[in-house]
Every structure is written in structure tokens, then in C-alpha cells.
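Chemist: Dumping the structure here so I can ask a few things about it.
The values are calculated or read from the model by the stated rules, or taken from the named source; none is laboratory data. For clarity, every value in this text was computed on a predicted model and none was experimentally measured. We place every Cβ from the backbone using ideal geometry, glycine too, and count neighbours over all the protein chains shown. These accessible areas exclude ligands, DNA and RNA; they are computed on the full protein's heavy atoms, side chains included. Shrake-Rupley method; radii C 1.70, N 1.55, O 1.52, S 1.80 Å.
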Amino acid sequence: MTTLVRLEILRTLRNKRYLMFTVLYPALLYVFFISAYGSGGTVAGGVSVKSYFMVSMATFGAVGAVLTGSAQRISLERKSGWTRQLRLTALPGRAYTLGKIAACAVTTLPAILVVFVIGAIEGVDLTAAQWLGLGAALWLGSFVFAALGVALGYAAQPDAIQPVVMIVYMLMALFGGTWFPVSDSLKTYARFNPVYDYNQLASFIHGQGVAGLPIAALAAFLALFTAAAAYLYRKDAQQA
């Protein structure tokens, strides 16, 4: 499984499309949003614009990295017959699924770190512990969406995977606080959106303490998406 993870990581990092849309694009959007909202302003709850959008654009890039990386690649591998060939090896299905999740999660680091660097340059003031804690929280949270990407890769037909991923990606971002703070009227429904819970992991840097409820929600989503990915993998194997 270690070899598979290493190969997946290298394939992703060599992909120019990945570098453009999941690393550079969120960084450019961050600069745009803090300019549009006013770099010295605040959003709901008194959180600075720079801090709020630094987190939301880091999560936007991380989710994009794992969803597009895992779902579309798995779909292409199914179409080419590569997954069928892997099933003839000694690699168990569980190891394949976990390997995909792990490899995709590792590739979220550049998306998070680039936005963090720009945030620091723009004046986001956090302690070393807050930077490390926030980075660790966002990286660990990305495993949830890596599992979702694997599930989508097996749920959708290869010819339809790209629009399916984009619709899921944009809807979760739209109602998850990525583009704008979620209002009180939407919070009741937003709690069922993993992107909203993902963005809430940053609450501790705003003096609100560690977000226990979002952590529990993300853990539940991770279990759900991992189980779905494993089930869909076995189902695909039976149909092959």
C-alpha cells in the first residue's frame, strides 16, 4: 500500500491542472475576497476578513484537491480497466481504498500552505501554536472529503464524474460558508454540510475554544463516506 500511496502522490503533484485549480486558484480568490470585502474589515462574529477568508479558501482548495483528485482519477482507472488489474494482485480492497484516501489527503497540504503564506503576508496575526493547530485541523479534516471523493469515483459513471463532482463541490462550498458567512437562518441546515463543519474547525483561533460539535460531525461524515466507498468498491468488483 505504501508504494501505491507514493505513486498517487507523485502523479498528483506532477499534474499542472491540480497546481492551477487547487493551489493557485484558491490563493488568487483569497486576494480577491479580502480586496472586495476590505482587508481591514470584519465579518459576522467580529472575525477579521483576512482570517475568515484565509480559512475558507484553504478549505476550498483542500476539498477541491481531494474531490477532483480521487473521484476523477478513480473514474478514469475504472474506464481504462486499471482497477480490474489491481484486483488480480495481492492488494486487498481495503488497502486500495485507504491508500487512495491517504494519498489524496497528503496532496491537500500545498493548497492549505500556500493560502496560509499569503495570509501571513497580508497580516493575519496568529501564534505559532495557532498556525500549527489550524494547519493540522484542516489537514486532518480533509480526510473526510478524500473518502467522499473515493465514494463518488465509484458511484458515478466515468463519463458523468466531472459534472457530478463539480455540482457536489460547488453546492457544499456555497452553503458551507466558503464564499460568505452562513447566516443564522441557514445554520440549521448548514450543520448537515461537511464543508460548514470543516470551516468551523478554525473557531479556536477566534477565541471561541475548540469546536467539539464540528469535530464530532466530521468524524461521523468520515465514517459514513469511508463505509460508502468500501461498499461501492466491493459492488464495482462484483460487476467487473
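Chemist: State which residue is farthest from Leu232 (Cα to Cα) when the search covers only the range 98-123 and only residues that are over 12 Å from the mean Cα position of the chain (by Cα) and open to solvent by less than 10 Å² (accessible area, probe 1.4 Å).
Modeler: Gly119
Chemist: Can you list residue pairs whose Cβ atoms sit under 9 Å apart, with the first residue in the range 184-204 being among the charged types (D, E, K, R) and the second being open to solvent by less than 60 Å² (accessible area, probe 1.4 Å) and outside any helix (DSSP H, G or I)? Count only pairs 6 or more apart in sequence or on different chains.
Modeler: Pairs that qualify, where the first residue is among the charged types (D, E, K, R) and the partner is open to solvent by less than 60 Å² (accessible area, probe 1.4 Å) and outside any helix (DSSP H, G or I), are Asp197/Gly176; Asp197/Ala211.
Chemist: May I ask you to verify whether Gln130 is in contact with a helix residue (DSSP H, G or I) (Cβ under 9 Å, 6 or more places away or on another chain), open to solvent by 60 Å² or more (accessible area, probe 1.4 Å), polar (S, T, N, Q) and in contact (Cβ under 8 Å) with a residue 24 or more places away in the chain? Talk me through it step by step, then tell me what you get.
Modeler: On the way: in contact with a helix residue (DSSP H, G or I) (Cβ under 9 Å, 6 or more places away or on another chain): yes; open to solvent by 60 Å² or more (accessible area, probe 1.4 Å): no; polar (S, T, N, Q): yes; in contact (Cβ under 8 Å) with a residue 24 or more places away in the chain: yes.
Here the answer is no, as Gln130 does not meet what is asked.
Chemist: Does at least one position in the range 100-123 carry a residue that is over 16 Å from Ser56 (Cβ atoms), without any contact (Cβ under 8 Å) to a residue 60 or more places away in the chain and not in a helix (DSSP H, G or I)?
Modeler: no
Chemist: Another one. Looking only at helices (runs of 4 or more DSSP H) that fall completely inside the range 158-240, which ones have 3 or more residues that are closer than 22 Å to Gly99 by Cβ, at pLDDT 90 or above and open to solvent by less than 70 Å² (accessible area, probe 1.4 Å)?
Modeler: Numbers: elements: 161-174, 184-190, 194-199, 212-239.
Answer list for the range 158-240: 212-239.
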